[in-house]
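Student: Take a look at this one; I'll ask things after.
The values are calculated or read from the model by the stated rules, or taken from the named source; none is laboratory data. From a predicted model like this one, the values you see are computed outputs, not experimental measurements. Here the Cβ positions follow ideal geometry from the backbone for every residue, glycine too, while neighbour counts run over all protein chains shown.
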Amino acid sequence: MPVPLAQAIHADFQQRFGYEPLLVRAPGRVNLIGEHTDYNAGFVLPAAVDKEIVFAVGLNGGAQIRLVAHDLGETLDLPNAAEISPSETHWANYLLGVAAQFQARGIAVPGFDCVFGGTIPMGAGMSSSAAVECGLAFAFNHFLHTGFEKMELARIAQLAEHTYAGVQCGIMDQFASLFGHAGQVVRLDCRSLDYEYFPFDTTACRIVLCNSGVKHSLASSAYNTRRQECERGVAVLQQHYPEVQALRDATMAQLEAHRDELGPTVFRRCAYVVQENARVVTACLCLNKDDLTGFGKEMYASHAGLRDDYEVSCAELDALVEAAQAVPGVFGSRMMGGGFGGCTINLVAPDKVDEFIASVSAAYEKRFGLKLETYQTTIVAGVGEVAAEVVKS
Ligand code: GLA
């Protein structure tokens, strides 16, 4: 995390509120493979990355909530923390949703102040919203002495998104922000919540993100629709195979056998999920063998499924993947996150990164007249306190 960011957030808090805050950092995430599998009780393979949100938080001794979006230069004051409801101020809902979740667990939330800001590009599919939720959940856990385990904090943050942001998301983003380990990706079984870390050396293979700059205004409603389509698929299969509790349990043979009953759209959505789960498993075997080419193959297949069957890609993302595939030294490329815009994730040989960025940027500009933003990320630790020295130095 850039030191000046934490210092700036700390100074902003001190200046406005005049007392010493707790400083917390919460990273965004990448997901190597396993997209739209989390809410189907399947597998994901994310990592926390060095694009972060920093928070300065304190209890103010009163009932007021005072929120400051440092980057936007906007504030929101609310008179009574005991009476929280969704706000017209979009960014505030990620914070208020967390406070409401603590209250839903019977915990009194006193007045508090929070200044936050960071480097996670918004709407880029890097989970800035999950980072905002997880950072505040961590701070509350500290101040309110609730002693919640990290998985419970992830759940609180996920439910904040459901109830205050209206997105029926899975648990991947919040999990990744809280459970990240430096230099490791983590495979999560979204049913059992068991997880396993795998080393991923970003000096041996770079993770480069290409930001399409596209933000689809219908992304959250389309996301919720996908989720419903999956549930519809499960409901149909369950009539024939009671053991199918989620698409995680389904097979292609079962889907094929009930293709007509599922209908073409639900069939394709379900087929994508069943195949994507299998790809995560294969991709992890490749990681264990240091087989980046094999891993990359799964990524390309993932993108094709997201584009053709799950239908959450867009022309810009497809063009970025196509351009990446043409560059030597690129192991794999695919759209990342919920879709309808945001970033592609690309695994690139270190000595080919410059050529990759130049070539994909040129192709993107030529085709869409848009300047491409790219980020070379490293894998960092999950949510935590910012060391006091960082602010003093
Ligand atoms: C968003 C959601 C996640 C996950 C991804 C798609 O990031 O927040 O829970 O479903 O989309 O994999």
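Student: What residue, of 373, 355, is surrounded by fewer than 23 Cβ atoms within 10 Å (Cβ to Cβ), closer than 15 Å to residue 209 by Cβ, at pLDDT 95 or above and among the charged types (D, E, K, R)?
Tutor: 373
Student: For residue 30, state whether it is in a strand (DSSP E or B), within 16 Å of the ligand (Cβ to nearest atom) and in the same structural domain as residue 177 (by TED's automatic domain parsing).
Tutor: yes
Student: Of everything in the range 43-68, what is crowded, with 24+ Cβ neighbours inside 10 Å and touching a His at 6+ places or on another chain (Cβ under 9 Å)? Give them in sequence order.
Tutor: Scanning the range 43-68 gives 47, 48, 54, 56.
Student: Taking the condition under 24 Å from residue 370 (Cα atoms) and not hydrophobic (A, V, I, L, M, F, W, C), does residue 325 pass?
Tutor: Yes, satisfied.
Student: Counting just the residues of the range 46-57 that are more than 16 Å from the ligand (Cβ to nearest atom) and β-branched (Val, Ile, Thr), which one comes out farthest from residue 181 (Cα to Cα)?
Tutor: 57
Student: Does residue 297 satisfy the condition of being surrounded by fewer than 16 Cβ atoms within 10 Å (Cβ to Cβ) and free of Cβ contacts under 8 Å to residues at least 60 places away in the same chain?
Tutor: No; evaluated as a whole, the condition is false for this residue.
Student: Continuing with this model, one more query. Filter the range 92-125 down to residues that are modelled with pLDDT of 95 or more and outside any helix (DSSP H, G or I), then give me how many there are.
Tutor: Total meeting the criteria: 16.
Student: Does residue 190 satisfy the condition of being touching a residue at least 12 places away in the same chain (Cβ under 8 Å), within 16 Å of the chain's Cα centre (by Cα), within 16 Å of residue 128 (Cβ to Cβ) and surrounded by 15 or more Cβ atoms within 10 Å (Cβ to Cβ)?
Tutor: So residue 190 does not fit the description; no.
Student: Same structure, new question: Could you give every pair whose Cβ atoms fall below 8 Å, whose first residue belongs to the range 320-348 and is on the phi > 0 side of the Ramachandran plot and away from the ligand (no atom under 16 Å from the Cβ), and whose second residue is in a helix (DSSP H, G or I) and among the aromatic types (Phe, Trp, Tyr), counting only separations of at least 6 or pairs across chains?
Tutor: Note: pairs meeting the criteria are 329/356.
Student: Let me ask something else. When you check residue 196 against the structure, is it more than 10 Å from the ligand (Cβ to nearest atom) and buried (at least 24 other Cβ atoms within 10 Å of the Cβ), yes or no?
Tutor: no
Student: Given the condition within 16 Å of the ligand (Cβ to nearest atom) and among the polar types (S, T, N, Q), answer yes or no: does some residue in the range 58-65 qualify?
Tutor: Among the residues of the range 58-65, not one is within 16 Å of the ligand (Cβ to nearest atom) and among the polar types (S, T, N, Q), which makes the answer no.
Student: Determine whether the range 130-145 contains at least one residue that is near the ligand (Cβ under 9 Å from one of its atoms), among the small types (Gly, Ala, Ser) and part of a helix (DSSP H, G or I).
Tutor: Within the range 130-145 (the criterion being near the ligand (Cβ under 9 Å from one of its atoms), among the small types (Gly, Ala, Ser) and part of a helix (DSSP H, G or I)), the answer is yes, since at least one residue qualifies.
Student: For a quick check of your reading of the model, give me the residue pairs whose first member lies in the range 152-178 and is outside the structural domain of residue 87 (by TED's automatic domain parsing) and of a type outside the set (D, E, K, R), whose second is at pLDDT below 95 and assigned to a helix (DSSP H, G or I), with beta-carbon atoms closer than 8 Å and at least 6 apart or on different chains.
Tutor: Filtered contacts from the range 152-178: no entries.
Student: Any residue in the range 355-364 that is of a type in the set (S, T, N, Q) and away from the ligand (no atom under 16 Å from the Cβ)?
Tutor: Yes, the range 355-364 contains a residue that is of a type in the set (S, T, N, Q) and away from the ligand (no atom under 16 Å from the Cβ).
Student: Taking the condition under 20 Å from the mean Cα position of the chain (by Cα) and away from the ligand (no atom under 16 Å from the Cβ), does residue 118 pass?
Tutor: It is true that residue 118 is under 20 Å from the mean Cα position of the chain (by Cα) and away from the ligand (no atom under 16 Å from the Cβ).
Student: Something else about it: Could you tell me which residue of the range 33-61 is farthest from residue 332 (Cα to Cα), considering only residues that are of a type in the set (Gly, Ala, Ser) and outside any loop (DSSP other than H, G, I, E, B)?
Tutor: 58
Student: Residue check: is residue 43 touching a residue at least 12 places away in the same chain (Cβ under 8 Å), within 14 Å of the ligand (Cβ to nearest atom) and out of contact with any Leu (no Cβ under 6 Å at 6 or more places or on another chain)?
Tutor: So residue 43 passes the test.
Student: I've got another one for you. Is it true that some residue in the range 25-38 is in contact (Cβ under 8 Å) with a residue 24 or more places away in the chain and closer than 17 Å to residue 113 by Cα?
Tutor: Yes; the residues of the range 25-38 include at least one that is in contact (Cβ under 8 Å) with a residue 24 or more places away in the chain and closer than 17 Å to residue 113 by Cα.
Student: Tell me which residues, restricted to the range 335-372, are part of a strand (DSSP E or B) and either hydroxyl-bearing (Ser, Thr, Tyr) or more than 30 Å from residue 39 (Cα to Cα) (or both).
Tutor: Once the filter is applied, which keeps residues that are part of a strand (DSSP E or B) and either hydroxyl-bearing (Ser, Thr, Tyr) or more than 30 Å from residue 39 (Cα to Cα) (or both), the range 335-372 yields only 344.
Student: If you check 274, 280, 266, which single one turns out to be under 13 Å from residue 232 (Cβ atoms) and not basic (Lys, Arg)?
Tutor: Of 274, 280, 266, the one residue that is under 13 Å from residue 232 (Cβ atoms) and not basic (Lys, Arg) is 266.
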